[in-house]
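Notes follow once the structure below has been shown.
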Amino acid sequence: MKVGLVGFAGAGKTTIFNALTGLTAEVGGFGAREKANVGVIKVPDPRVDKLAEIYNPKKKTFAEISFVDVAGPQESDRSESGLDPKLVQQQRSAEALVHVVRAFDNPMLLQKADPARDIRAFDDELMLTDMVQIDNRIARLKKEKDSARERELLERLKAALEEERPLRDVELAQEELASIAGFCFLSLKPALLLLNTSEERAAENEYILLGAPREVIELAEAKKLSLIVMSGKAEMEIAELDPEEQREFLADLGISEPARDRFIRAAYELLDLISFLTVGEDECRAWTISRGTTAQKAAGKIHSDIERGFIRAEVTRFEDLVELGSEARCREQGKLRLEGKEYIVQDGDVINYRFNV
């Protein structure tokens with residue numbers, strides 16, 4: 001999963017990036033850099049650890065999230081053509097966007113913190129960028145034959161943007177989504193609001209919204225966006241500590257877990273992701289898929305040959321496998337099921353694929 005950290009310059013995106021990844025990218029660039037910071041983290045999953053206790057594999061492999069810290073525009077740099085093309089390209093490659101919103105005063109910036117203002121303004125930038133792209137495509141389609149269907153869909157999307165509705169709010173069929181996937185529209189991407197607050201408010205902001213102004217909470221609800229609150233600076237300092245010191249520091253702040261764990265849960269919920277598991281003496285591993293994925297499609301996450309040569313899936317619930325201690329016991333107790341290619345994989349399924357190529 002690839003997540004883009006976006007927002008205006010000075011919002012603390014790189015600080016959030018460091019807090020989530022444990023890296024030490026230089027902060028305070030205020031949009032000056034052209035290259036994005038990239039970092040990968042392992043997704044904590046106690047189920048993998050538990051299964052490793054049973055199988056004692058050579059290695060454990062957790063799912064991963066890739067973070068892309070995209071330099072942001074100055075609030076005063078807004079134009080009639082949307083975001084800078086260099087920034088747009090970096091954002092288009094992400095599967096989801098996290099809009100980092102400043103909720104602290106920054107002496108380097110002229111404007112005082114106004115999260116609601118920045119949420120609306122950056123959303124406008126995303127929609128304007130999509131509008132320019134749609135207008136350019138419609139202009140080209142007018143010169144082509146057999147383009148009526150695509151033009152009709154793009155005109156519908158344009159109308160929504162003119163009403164200041166992001167494309168993620170437009171009801172689209174799967175076939176329509178597939179037909180416009182190549183455009184990578186920014187306002188169509190799943191989005192999460194991350195309110196970056198001061199260190200003084202860190203203890204109040206534990207995934208609950210006590211640190212968020214009422215106006216921001218209501219705006220997030222109106223836009224149907226999930227909202228998470230954290231202090232990037234405090235969490236960055238925590239991420240630089242060793243695990244034992246982290247626990248002590250969090251306890252002193254009254255926070256039960258690092259921001260990274262809270263963020264991962266929010267991101268998984270946002271993208272409607274689940275994990276299935278594979279086990280054996282070589283490896284115990286978590287695989288991330290979209291909710292509603294069939295057993296055959298999920299097999300493709302492991303290897304395309306398994307998907308192509310799919311015969312059946314031997315499925316055991318994680319809880320049953322842990323309780324009974326082995327696949328053999330699960331089979332004896334009727335807890336191991338044989339499922340076909342159309343079976344919808346559930347979160348926590350432990351799957352052994354049978355295939356032939």
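Labels on offer are (1) 1.11; (2) 0.99; (3) 1.71, and the one holding Cα Rg over 2.2 N^0.38 Å computed from this structure is (1). Backbone geometry of the range 218-229 corresponds, through the Karplus equation with coefficients 6.51, -1.76 and 1.60 at θ = phi - 60°, to 3J(HN,Hα) couplings of 5, 5, 4, 5, 5, 8, 6, 10, 6, 10, 10, 10 Hz, x marking Gly and Pro. Alpha carbon centre of the range 278-302 versus the range 238-263: separation in Å? Using only Cα atoms, the two centres lie 30 Å from each other.
Measure up K142/K224; K42/K297; K59/K335; K145/K297 against 28 Å on the Cα-Cα distance and list the ones that go over. Could the numbers behind the result be given before it?
Working: K142/K224 35 Å; K42/K297 23 Å; K59/K335 26 Å; K145/K297 35 Å.
Listed pairs above 28 Å: K142/K224; K145/K297.
Counting only residues at least eight positions apart within a chain, or on another chain, the aspartates and glutamates with an alpha carbon under 12 Å from that of K2 are E64, D69, E95.
List, in the order given, every pair from K50/K341; K35/K223; K35/K189; K13/K158 whose Cα-Cα distance in the structure shown is over 26 Å.
Details: K50/K341 28 Å; K35/K223 30 Å; K35/K189 22 Å; K13/K158 30 Å.
K50/K341; K35/K223; K13/K158, as the Cα separations exceed 26 Å there.
Working out 0.36 nm times the residue gap between E150 and D261, then minus their Cα-Cα distance, what length gain in nm do you get to one decimal? Display every interim value, and only then the final one.
Numbers: separation 111, 0.36 × 111 = 39.96 nm, distance 4.12 nm.
Computed gain between E150 and D261 is 35.8 nm.
Shown in residue order for the range 332-340 are the 3J(HN,Hα) couplings computed by the Karplus curve 6.51 cos²θ - 1.76 cosθ + 1.60 at θ = phi - 60°: 4, 8, x, 9, 9, 10, 9, 10, x Hz (x for Gly and Pro).
Normalised by the residues of the range 292-355, what does the relative contact order come to in percent, with Cα pairs under 8 Å and at least six apart?
Numbers: 102 pairs, mean separation 31.7, N = 64.
Once divided by the residue count of the range 292-355, the mean separation gives 49 percent.
If you place +1 on the Cβ of every Lys and Arg and -1 on the Cβ of every Asp and Glu, how big does the dipole about the Cα centre of the chain come out, in debye to the nearest 20?
1280
In this structure, the amide hydrogen of L5, modeled 1.01 Å from its nitrogen in the peptide plane, lies closer than 5 angstrom to those of V68, D69, V70, V98, counting only residues at least 5 positions away or on a different chain.
Site pair A178 and K42 shows an inter-label distance of 3.7 nm when each label is modelled 7 Å from Cα along Cα→Cβ.
Counting only trypsin sites (Lys or Arg not before Pro) that DSSP places in a loop and that have at most 11 other Cβ atoms within 10 Å, the longest clean stretch of the chain runs over 225-357. A Förster radius of 41 Å, combined with the Cβ-Cβ distance separating K112 from D252, puts the computed FRET efficiency at roughly 0.85. Residues whose amide H lies under 5 Å from that of F355, counting only those 5 or more places away or on a different chain, are I311; hydrogens are built 1.01 Å from N in the peptide plane.
Computing FRET efficiency as 1/(1 + (r/R0)^6) for K86 and D135, where r is the C-beta to C-beta distance and R0 is 25 Å, gives about 0.75.
Every read-out reported here was derived from the displayed coordinates using simple, explicitly stated rules and does not represent laboratory data. This is a predicted model, so every value here is computed, not measured. Quick reminder, even Gly has a Cβ in these numbers, built from the backbone with ideal geometry, and neighbours come from all protein chains shown.
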